[in-house]
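Below: the structure, in structure tokens.
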Amino acid sequence: MNSTSLIHHHPLTKRLANLLKKAGPKAWQASDFAGVDQLHLGGLEASKALAQWLPLNATRGLDIGCGLGGTSRYLVVNHGCSMVGLDLNNDYIQAAQLLNSHLPGLSDCHFVAGNSLALPFAEHSFDFVVSQHASMNIAQKAVLLAAVHKVLQVEGCLLLHEVMLAQDCAQTSVDYPTPWADQHDHSHLSHWPDFMQLAHAIGFKLIKFEDNTMDALEWLHKARNQPPSPPFTPNIALGPTAGRMSANMLRNLQQGRLQIVSALLVKASS
Ligand SMILES: C[S@@+](CC[C@H](N)C(=O)[O-])C[C@H]1O[C@@H](n2cnc3c(N)ncnc32)[C@H](O)[C@@H]1O
């Protein structure tokens, strides 16, 4: 799609369109947008690490809660996948499409507005689903996991890179705002064992697990001391409270309130 065919109704998309215009014609690469389209702890490097867990025969992917679509683009460009990114936020979807329109080689990368709890796809549509920092606002985890299970083919996999509540930590002990919630009653963090218990009950098997909490803390320290170079920075997407969100995330991690996990789950054959 050509950028001129997009109508920029939304504030974030307008802001990005202006920045792109100001930068003038350039041979952009997907990684140029990593400062704004990798809205998770660990940034682009975390997406790269997660992608390493993808089985070789997994090509048709769905990125739920895709945000500005950085992970989808990475998987298309670097792993030859065909991706659909889905997000509840129309502004993010339009921004993701705008970024695509400035890059070559993305004919297999599409974005749709939608709800992860009611995925608008037929059964067995995908070889894998990826969810990166995208389940923290969702209270109905069982509905989410069932929706993902349905659209996966048998033996399809779910790649997770998620924020969980640390063991023995309560939802109310987390400081807000965070990048996903202004206040604690908008946040629906799980404890990892509870999440996995639900996933087992729905028909997933855990294949790989990694606790990334310490790496995330180290990354956040570095990112705060060395923010990405303008113009494509997380503040563009996160808005004026981005600084407070980042300071709260640092404190939440330092105080051991959050656990950052990566996991590969497989839809077990029944
Ligand atoms: C912290 S952002 C992460 C975006 C992206 N996965 C990334 O890592 O860059 C979380 C995203 O989840 C989306 N989201 C939250 N609840 C959702 C739902 N029920 N359905 C679809 N997207 C949802 C939000 O709109 C937001 O874009």
Confirm whether ASN18 is part of a helix (DSSP H, G or I), out of contact with any strand residue (DSSP E or B) (no Cβ under 6 Å at 6 or more places or on another chain), of a type outside the set (A, V, I, L, M, F, W, C) and closer than 30 Å to HIS149 by Cβ.
-> no
Starting from the stretch 217-240, take each residue that is assigned to a loop (DSSP other than H, G, I, E, B) and list its partners that are among the charged types (D, E, K, R) and surrounded by fewer than 13 Cβ atoms within 10 Å (Cβ to Cβ), counting only C-beta distances under 8 angstrom and pairs at least six apart or across chains.
-> PRO231/LYS22
Does the stretch 115-130 hold any residues that are within 12 Å of ARG60 (Cβ to Cβ), out of contact with any strand residue (DSSP E or B) (no Cβ under 6 Å at 6 or more places or on another chain) and within 16 Å of the ligand (Cβ to nearest atom), and which are they?
-> PHE121
What are the residue pairs meeting all of these: first residue in the stretch 153-165, first residue more than 24 Å from SER269 (Cα to Cα) and touching a residue at least 40 places away in the same chain (Cβ under 8 Å), second residue more than 16 Å from the ligand (Cβ to nearest atom) and hydrophobic (A, V, I, L, M, F, W, C), Cβ atoms under 7 Å, and 6 or more apart or on different chains?
-> MET164/TRP192
Within the stretch 27-54, the residues that are farther than 12 Å from HIS161 by Cα, in contact (Cβ under 8 Å) with a residue 40 or more places away in the chain and assigned to a loop (DSSP other than H, G, I, E, B) are TRP28, GLN29, LEU54
Residues in the stretch 51-96 that are near the ligand (Cβ under 10 Å from one of its atoms), in contact with a strand residue (DSSP E or B) (Cβ under 7 Å, 6 or more places away or on another chain) and hydroxyl-bearing (Ser, Thr, Tyr): how many?
-> 2
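Since every read-out is calculated from the coordinates, none of them should be taken as a lab result. In this text, all values refer to a predicted model and were calculated from it rather than measured experimentally. Neighbour counts run over all protein chains shown; Cβ positions are idealised from the backbone, glycine included.
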